[in-house]
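Contents: one structure, followed by commentary.
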Amino acid sequence: MRTFENEEFTAFYDRGGNVYEDLHFKKCTFISSSISITYDPANRTTVRNVTLERCRVVGSALDCAVVEDVLVDGLQTSDLHQAWGALFKHVTLRGKIGRLMVTPLISPRHLNTPEQAAFDEQREAYYETIDWALDISEAEAVELELAGIPARLIRRDPETQAVVTRQAALSGEWRELEPVKKTVLGLAIQQMLKRGDDDTVLVAERRARDFKQLLAGIQELRAAGVAEPD
């Protein structure tokens, strides 16, 4: 495994079709960079057997990569770090994490396009073949939004992370719960319904300013039978 420590990578734009593996980045900074910028699902870049330890990302993104056997142990973000259309297998988020969003969209402008449909089809087939995708059970995030990954493939901390199914959300009971209305939990459920997903994982981020409200919301969702009891 090749190790990089205290290094800075700027304007690294990967256009797909590559493999990056057996790498360890320690206290590195990634500025204005992106991996797997492609709108062809056959041209994804693969990131495999990689560790990022106490790294920092500034104005960067993860695009449509296949990410497998990766550990992110602490990640500082300058703003909301977005993962667009990526696929995950055995990826662990651990320690202090900044703001992170995972979405199945390949880009905002490709909503309801043939390109997005092709990626969606590949994503659904991929997640039928793996045992787990993402482990967030030890992540201490400021913000963590997850979409496009089946809840059964996400390893969670039952105390602060809960599953809401589409069937349970259709009851509408969550709309009257005060901690849900006052936080992003309600918006997350609305987005799940809008996307047509079967379920979603809600997170009370331990480093969020409204952590106590988020945790109360998850507890009330469970009490109301909207979130899975775990």
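The values are calculated or read from the model by the stated rules, or taken from the named source; none is laboratory data. Small disclaimer: the values here were computed from a predicted structure and weren't measured. Cβ atoms come from the backbone with ideal geometry, glycine included; neighbour counts cover every protein chain shown. Note: areas computed on protein heavy atoms with side chains; ligands, DNA, RNA excluded. Shrake-Rupley method; radii C 1.70, N 1.55, O 1.52, S 1.80 Å.
Here is how the numbers come out for the structure above:
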{"quantity": "Matching option when the condition is under 29 Å from Pro41 (Cα atoms), touching a strand residue (DSSP E or B) at 6+ places or on another chain (Cβ under 7 Å), open to solvent by 60 Å² or more (accessible area, probe 1.4 Å) and modelled with pLDDT of 95 or more, among Arg123, Arg152, Arg166, Arg206", "calculated": "Arg166"}
{"quantity": "Residue in the stretch 174-198 that is nearest to Val142 (Cα to Cα), counting only those that are touching a strand residue (DSSP E or B) at 6+ places or on another chain (Cβ under 9 Å) and open to solvent by 40 Å² or more (accessible area, probe 1.4 Å)", "calculated": "Val184"}
{"quantity": "Hey, Glu21 part of a strand (DSSP E or B) and surrounded by fewer than 16 Cβ atoms within 10 Å (Cβ to Cβ) or not", "calculated": "yes"}
{"quantity": "Which listed residue is of a type outside the set (S, T, N, Q) and either open to solvent by less than 30 Å² (accessible area, probe 1.4 Å) or modelled with pLDDT under 95 (or both), from Val72, Val58", "calculated": "Val72"}
{"quantity": "Unique residue being at negative phi, polar (S, T, N, Q) and in a loop (DSSP other than H, G, I, E, B) when the list is Thr183, Thr200", "calculated": "Thr183"}
{"quantity": "Residue list for the stretch 209-230, restricted to those being closer than 25 Å to Thr77 by Cα and open to solvent by 60 Å² or more (accessible area, probe 1.4 Å)", "calculated": "Arg209, Lys212, Gln213"}
{"quantity": "Residue within the stretch 131-144 that is of a type outside the set (Ser, Thr, Tyr), outside any strand (DSSP E or B), open to solvent by 40 Å² or more (accessible area, probe 1.4 Å) and within 24 Å of Arg166 (Cβ to Cβ) present", "calculated": "yes"}
